[in-house]
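The values are calculated or read from the model by the stated rules, or taken from the named source; none is laboratory data. Because the structure is predicted, anything quoted here is derived from the model rather than measured. Cβ: placed from backbone, ideal geometry, glycine included. Neighbour counts: every protein chain shown.
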Amino acid sequence: MIKIIKDKIRKQFISKHASLFTDEKAEPVQIKNAIAYLLDDTIMREHLKVSDEEKKKVIDELSDEFSGLGPIESLVNDPDITEIMINGPEKVYVEKYGETRLSDITFDNDQQLMALVYKILAPTRRRVDELYPFTDVSMKDGSRVNIIIPPLALNGPVITIRKFSKEIRLVEDLVKLSTMDKRMAEFMVNCIKAKANIIFSGATGSGKTTTVGVLSSYISNKERIVTIEDTAELHLSQEHVVRLEARTPNIEGKGEVTIRELFKNCLRMRPERIILGEIRSSEALDMLQAICSGHTGSLAVLHANSPQEVIYRLETMILSSGIPISVAAIHRQIAAAVHLIVQQEQLLDGTRKITHITQVNGLNDGQVNLEDLFVYDIENIDDKGKVKGRWKATGIKPVFMGIFKKAGINLPEDIFKKD
C-alpha cells in the first residue's frame, strides 16, 4: 500500500512541481510541503486509509529522494566509494578500495529508479527516452554518469556513476596513491610545463581522466586552454579556460555536434593548449595535423591496452574515417606530433598505476618507434591478492630534451638513470 501511494505522489510531484524537482537550490522544506499537500489531496480524493505514521514515512522518504539522490545519497557522499553501478532497482554495486561488492541499497521499483534518472538529467541538456535510450552526463562535482534504460536494458534502468575524487588535486596525491613515483611525477610535471604533446591511454576505469585533470593543473595560468569532451568532466582551476562539449541529436535527429567539429572550430579560437577528452574517430588526424602546425602542449585521452595499441588505434581510426591517406603518412604524422604515451592500468588488486611512460622516437622501417622511459614491473601477487612491484627507469633519455631547455627548465638527467 505504501509503495503504491509513493508511486502516485512521485508521479504527481515530477509532473506538477518540475521547478522544485530540477532546481538544485530548492529548499528541503519547500519540497516537503509540496509532497505533504499532494499526499493529503490524494488521500482525500481517493478516500484512502493512511495512518499518521504511514503519512510521515511517505513524506520523509520522498523528501529525501527529491532533495538529493534518494537511496544512493549516502553512497555518493562516501569518499571511499569510487564507482556506483545500479543494475535495475534491486542490485546496486559499489567499488570501494578497488573491490566491487553488492551493497544493501535497493529501490522500490523501476519508477523510483527513473525518478533518479530524471533528477540526474534535469540540470543538463541530455535526455533518455525510447528514441534515445542511453546517454552520458556529468554531475556538478565532475562525476561521470552513464544511463541506459529499457528496452535496451532488460533488467530495468541501469546507471553507472564514476565518481570524481575531490581529494586528488596535486601530483603529490598521485604519488601518495602509488599511481606513479616521485621521479615520474617530476618528469611529467616538467613535460606539461615544457608543452610536450601527450596521449594518455588505458582501459575504462583505469584513472586516465583523473591523471589528466591533475597534470593539466600545472599548465600556466597565463595560457588560453580549450577543453573538448563528449561529456564535460575536466574542471580546471586556471582562469582562461574554454570548455566545449559535444551535443547529441535532438528528438528530430538534428543538431548533433561532434568532437571533430568542435576540434576544428577550436583551432580558430586561438588556443594555446588543447585538451581532448577522448579520441574516438577522424579527429585523430585533425589533432596530429594541428600539433604539427604549431599547437604544441596538447593532451588527449584514448582507450587502449598498451602504448603499441595506441598507434594501432590511431591508425585504424584515421583509415576508417574515409580520409585518403596512406599508413606510412599516418605513421609519419604520429612520429612528428606525439612526444609521449602514458599508459595507465587498474591492476588485479584494484590499484591504479601508470605502467608505462613511453616516448615516440621517430620511425623504424616506416613504423612508429616506441621506447619505454619508465615501466612498472610486477614482481609478485601475495596471498591477499595485493600486487607487489616497483617502477623502473629503463636508462633511455627523452629525445625531446630540447623542449625543456627551450622552456627554461633544468631537468635533472639522473631521473632517467637505469634501475
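Do we have any residue at all in the range 324-343 that's over 24 Å from LEU288 (Cα atoms) and assigned by TED's automatic domain parsing to the domain that holds ASN305? Within the range 324-343 (the criterion being over 24 Å from LEU288 (Cα atoms) and assigned by TED's automatic domain parsing to the domain that holds ASN305), the answer is no, since none of the residues qualifies. For the subset of the range 3-28 comprising residues that are among the aliphatic types (A, V, I, L, M) and at pLDDT 85 or above, which member is nearest to the chain's Cα centre (by Cα)? Residue satisfying both the conditions and the ranking: ILE9.
Need a quick list: strands (runs of 3 or more DSSP E) entirely within the range 167-256 having at least 1 residues that are under 26 Å from PRO79 (Cα atoms). Break it down into steps so the answer makes sense when it comes.
Working: elements: 198-202, 225-229, 241-245.
So the answer is 198-202, 225-229.
Could you list, in sequence order, all residues of the range 244-260 that are surrounded by 15 or more Cβ atoms within 10 Å (Cβ to Cβ) and farther than 14 Å from THR135 by Cα? Matches in the range 244-260: LEU244, THR258, ILE259, ARG260. The condition of being among the aliphatic types (A, V, I, L, M) and in the same structural domain as VAL158 (by TED's automatic domain parsing) does not hold for MET44.
Quick one: is ILE318 touching a Ser or Thr at 6+ places or on another chain (Cβ under 9 Å), surrounded by 21 or more Cβ atoms within 10 Å (Cβ to Cβ) and either assigned to a loop (DSSP other than H, G, I, E, B) or assigned by TED's automatic domain parsing to the domain that holds GLY205 (or both)?
Values: touching a Ser or Thr at 6+ places or on another chain (Cβ under 9 Å): yes; surrounded by 21 or more Cβ atoms within 10 Å (Cβ to Cβ): yes; either assigned to a loop (DSSP other than H, G, I, E, B) or assigned by TED's automatic domain parsing to the domain that holds GLY205 (or both): yes.
Considered against the rule, which asks whether it is touching a Ser or Thr at 6+ places or on another chain (Cβ under 9 Å), surrounded by 21 or more Cβ atoms within 10 Å (Cβ to Cβ) and either assigned to a loop (DSSP other than H, G, I, E, B) or assigned by TED's automatic domain parsing to the domain that holds GLY205 (or both), ILE318 comes out as yes.
Just one of (1) free of Cβ contacts under 8 Å to residues at least 60 places away in the same chain; (2) assigned to a loop (DSSP other than H, G, I, E, B) fails for TYR312. It is (2). No other residue among VAL117, VAL94, VAL58, VAL50 is at pLDDT 90 or above, aliphatic (A, V, I, L, M) and touching a helix residue (DSSP H, G or I) at 6+ places or on another chain (Cβ under 7 Å) apart from VAL94.
Looking only at residues in the range 125-166 that are hydroxyl-bearing (Ser, Thr, Tyr) and within 20 Å of the chain's Cα centre (by Cα), the one that is surrounded by the most Cβ atoms within 10 Å (Cβ to Cβ) is SER138. Of all residues in the range 84-104, those that are over 18 Å from the mean Cα position of the chain (by Cα) and either surrounded by fewer than 19 Cβ atoms within 10 Å (Cβ to Cβ) or in contact (Cβ under 8 Å) with a residue 60 or more places away in the chain (or both) total 13. Listed by first and then second residue, the pairs linking a residue in the range 34-50 that is at negative phi to a residue that is part of a helix (DSSP H, G or I) and surrounded by fewer than 10 Cβ atoms within 10 Å (Cβ to Cβ), with Cβ atoms under 9 Å apart and 6 or more places separating them unless they lie on different chains, form an empty list.
If you go through the range 276-289 and keep only what is surrounded by fewer than 22 Cβ atoms within 10 Å (Cβ to Cβ) and either of a type in the set (Gly, Ala, Ser) or part of a loop (DSSP other than H, G, I, E, B) (or both), you end up with GLU278, ARG280, SER281, SER282.
Any residue that is farther than 20 Å from ILE228 by Cα, without any contact (Cβ under 8 Å) to a residue 60 or more places away in the chain, in the same structural domain as GLU239 (by TED's automatic domain parsing) and assigned to a loop (DSSP other than H, G, I, E, B) - is there at least one of those in the range 263-275? Among the residues of the range 263-275, not one is farther than 20 Å from ILE228 by Cα, without any contact (Cβ under 8 Å) to a residue 60 or more places away in the chain, in the same structural domain as GLU239 (by TED's automatic domain parsing) and assigned to a loop (DSSP other than H, G, I, E, B), which makes the answer no. Scanning the range 285-318 for residues that are farther than 21 Å from CYS191 by Cα and touching a helix residue (DSSP H, G or I) at 6+ places or on another chain (Cβ under 7 Å) turns up LEU285, ASP286, ALA304, LEU314, GLU315, MET317, ILE318.
A quick yes/no check of all residues on (1) of a type outside the set (Asp, Glu); (2) modelled with pLDDT under 85; (3) closer than 30 Å to ILE192 by Cα:
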| site | (1), (2), (3) |
| --- | --- |
| VAL137 | yes, no, yes |
| LEU152 | yes, no, no |
| PRO157 | yes, no, no |
| GLU167 | no, yes, yes |
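Within the range 123-134, residues that are modelled with pLDDT of 85 or more reach partners that are of a type in the set (S, T, N, Q) and not in a loop (DSSP other than H, G, I, E, B) with beta carbons closer than 6 Å, at six or more positions or on different chains, in the pairs VAL128/THR135. For SER201, the conditions (1) modelled with pLDDT of 95 or more; (2) among the small types (Gly, Ala, Ser); (3) over 14 Å from the mean Cα position of the chain (by Cα) are fulfilled apart from (3).
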